[in-house]
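First the structure, in the form of structure tokens, and then the observations on it.
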Amino acid sequence: MEHLPVEVIGNILSRLGGARDVVIASATCRKWREAWRKHLHTLSFNSNDWHVYQDLTTSRLEILITQTIFQTTGLQGLSILMDDVDEFSASTVIAWLMYTRETLHRLIYNVRTTPNVNILEICGRQKMEILELSHNSITGVEPNFQRFPCLKSLSLSYVSISALDLNLLLTACPKIETLELINPEIAMSDAQVTVELSSPTLKRVYVEAISLDKFILEADSIECLHLKDCALELFELIGKGTLKHFKIDDVSVIHLDIGDTVDNLEIIDVSNFTIMWPKFYQMISKSSKLTKLRLWDVVFDDEDEIVDLETIAVCFPHLSHLALSYDLRDGVVNYGLQGSSHLENVFVLELGWTIINDLFSHWVEGLLKLCPNLRKLVIHGVVSEAKSHEECQMLANFTSSIVQLMRKYMHVDVQFDYE
């Protein structure tokens with residue numbers, strides 16, 4: 001070990017992550033202490049990593065973090081996550097950031113302070129590439145002054161910010177590629193809650209737990225869009241056909257418009273969502289390059305609507321992964337098996353139920369016939385803790401019927417995933 005270059009030891013210590021582990025390891029010998037002081041590039045303080053963090057007084061914890069940070073030089077990654085800790089002194093936190101800002105490439109920051117610390121003002125115009133802020137407040141963004149010329153990834157969780165400042169913040173990041181918004185508190189100047197964001201470089205956008213009247217996103221380079229647990233009256237995506245992955249999960253939206261961005265879509269993943277199938281199909285029908293389609297726990301606006309798998313087979317010739325959840329309404333399955341076209345390129349098929357009955361195995365058999373080149377079948381199910389004798393018998397009958405059915409398809413790998 002004594003022959004290891006000190007720079008390599010610095011890399012080893014940096015991979016430990018937690019500050020406590022780094023300090024303990026650095027006590028190995030003088031050479032390891034030197035590596036900690038001069039070659040450590042990543043340091044993390046997380047209140048969940050060590051219970052003692054929560055037992056210490058705030059002032060003692062501030063001293064501990066300060067001593068640890070100030071013994072390093074050239075930190076590139078700093079993570080300070082203090083979820084269950086009382087508010088820190090703003091002057092102390094500012095000292096940490098001022099000491100490290102010139103070399104920092106990555107900052108993960110979840111610290112409550114009194115008063116609020118303006119992260120943008122302290123860390124702007126530096127080398128920052130990844131910035132994750134939680135439980136913070138952002139006001140008065142000035143793109144010319146608070147500029148992040150190297151920032152590629154921005155995550156805001158439980159952050160208070162106005163719609164205008166949010167758009168200005170994107171403007172201040174000319175190279176941004178990834179944006180995450182998780183339960184932001186959007187401050188508005190009028191009664192209608194409208195957010196308009198524009199960025200020519202954004203490639204990945206994740207939005208969770210947001211409630212707005214209008215959300216308009218203009219992103220010419222976007223490739224991945226994921227909306228989760230949102231309530232929106234209108235969502236509009238304006239782009240140039242670069243979108244490849246569209247995922248929507250547990251979202252309430254009255255008007256959804258992804259416009260002319262669907263031509264290059266490869267993955268569509270929709271779950272816990274109410275749709276008007278004709279309108280939704282019209283929106284995605286141009287996605288001839290689609291390779292994965294997932295419709296899971298989808299509620300149809302019209303109970304009589306049936307998803308025609310014949311149409312899916314014709315419009316999405318490159319489809320290789322199909323996932324459908326089973327919904328029985330008055331003896332009618334929402335995914336019809338009519339038609340003569342086969343899903344020739346579907347190699348992976350995922351099927352699921354919420355309430356099992358005898359028709360499910362027949363539906364599985366019908367879909368297997370439509371996929372002549374299938375290699376893998378995954379069956380998802382929900383099994384409640386308390387089951388009547390009839391329900392247990394139904395599950396047993398289903399298992400027997402699947403075992404018997406799969407004897408005809410020995411080349412298909414079958415997996416069961418119950419919850």
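Among residues of the stretch 277-325 being under 26 Å from the mean Cα position of the chain (by Cα) and hydroxyl-bearing (Ser, Thr, Tyr), the one that is nearest to Lys369 (Cα to Cα) is Ser320.
On inspection, His342 does not qualify as within 23 Å of Thr261 (Cβ to Cβ), open to solvent by 60 Å² or more (accessible area, probe 1.4 Å) and either among the basic types (Lys, Arg) or modelled with pLDDT of 70 or more (or both). Checked against (1) of a type outside the set (Phe, Trp, Tyr); (2) within 18 Å of Asn110 (Cβ to Cβ); (3) free of Cβ contacts under 8 Å to residues at least 24 places away in the same chain, Ser44 meets all criteria but (3). Taking the conditions exactly as written (at pLDDT 95 or above and in a loop (DSSP other than H, G, I, E, B)), does Ile216 satisfy them or not? For Ile216, the condition - at pLDDT 95 or above and in a loop (DSSP other than H, G, I, E, B) - is not met. Restricting the stretch 175-203 to residues that are surrounded by fewer than 17 Cβ atoms within 10 Å (Cβ to Cβ) and of a type in the set (Gly, Ala, Ser), the residue that is farthest from Ile138 (Cα to Cα) is Ala191. Looking only at the stretch 4-30, residues that are surrounded by 14 or more Cβ atoms within 10 Å (Cβ to Cβ) and under 25 Å from Ile63 (Cα atoms) come to 14 in all. Checking each residue in the stretch 23-49 for being within 30 Å of the chain's Cα centre (by Cα) and either of a type in the set (Phe, Trp, Tyr) or assigned to a strand (DSSP E or B) (or both) picks out Thr42, Leu43, Ser44, Phe45, Asn46.
Whenever a residue of the stretch 382-397 is hydroxyl-bearing (Ser, Thr, Tyr), its partners that are part of a helix (DSSP H, G or I), lying with C-beta atoms within less than 8 angstrom and at least six residues away or across chains, give the pairs Ser384/Glu391. The residue that is farthest from Leu324 (Cα to Cα), counting only those in the stretch 383-419 that are in a strand (DSSP E or B) and open to solvent by 50 Å² or more (accessible area, probe 1.4 Å), is Asp413. Looking across Ala172, Ala209, one residue alone is at positive phi and open to solvent by less than 60 Å² (accessible area, probe 1.4 Å). It is Ala209.
Within the stretch 266-284, the set of residues being within 15 Å of Leu243 (Cβ to Cβ) and open to solvent by 10 Å² or more (accessible area, probe 1.4 Å) comprises Glu266, Ile267, Asp269, Met283. Applying the set (1) open to solvent by less than 10 Å² (accessible area, probe 1.4 Å); (2) closer than 19 Å to Asn167 by Cα to Ile258 leaves exactly one unmet item: (2).
Can you find even one residue in the stretch 2-22 that is part of a helix (DSSP H, G or I), acidic (Asp, Glu) and either in contact with a helix residue (DSSP H, G or I) (Cβ under 6 Å, 6 or more places away or on another chain) or closer than 12 Å to Leu75 by Cβ (or both)? Looking through the stretch 2-22, at least one residue is part of a helix (DSSP H, G or I), acidic (Asp, Glu) and either in contact with a helix residue (DSSP H, G or I) (Cβ under 6 Å, 6 or more places away or on another chain) or closer than 12 Å to Leu75 by Cβ (or both). The residue list Glu236, Glu218, Glu266, Glu185 contains one member that is closer than 25 Å to Asn116 by Cβ, under 20 Å from the mean Cα position of the chain (by Cα) and in contact (Cβ under 8 Å) with a residue 12 or more places away in the chain, which is Glu185. Among the residues of the stretch 357-382, write down those that are in contact with an Asp or Glu (Cβ under 8 Å, 6 or more places away or on another chain), at pLDDT below 90 and either open to solvent by less than 50 Å² (accessible area, probe 1.4 Å) or part of a helix (DSSP H, G or I) (or both). Of everything in the stretch 357-382, just one residue is in contact with an Asp or Glu (Cβ under 8 Å, 6 or more places away or on another chain), at pLDDT below 90 and either open to solvent by less than 50 Å² (accessible area, probe 1.4 Å) or part of a helix (DSSP H, G or I) (or both), namely Gly381.
The values are calculated or read from the model by the stated rules, or taken from the named source; none is laboratory data. A quick note: this is a predicted structure, and the numbers were derived from the prediction, not measured. Cβ: placed from backbone, ideal geometry, glycine included. Neighbour counts: every protein chain shown. Remember, those area values only see protein heavy atoms, side chains included, never the ligands or the DNA or RNA. Shrake-Rupley method; radii C 1.70, N 1.55, O 1.52, S 1.80 Å.
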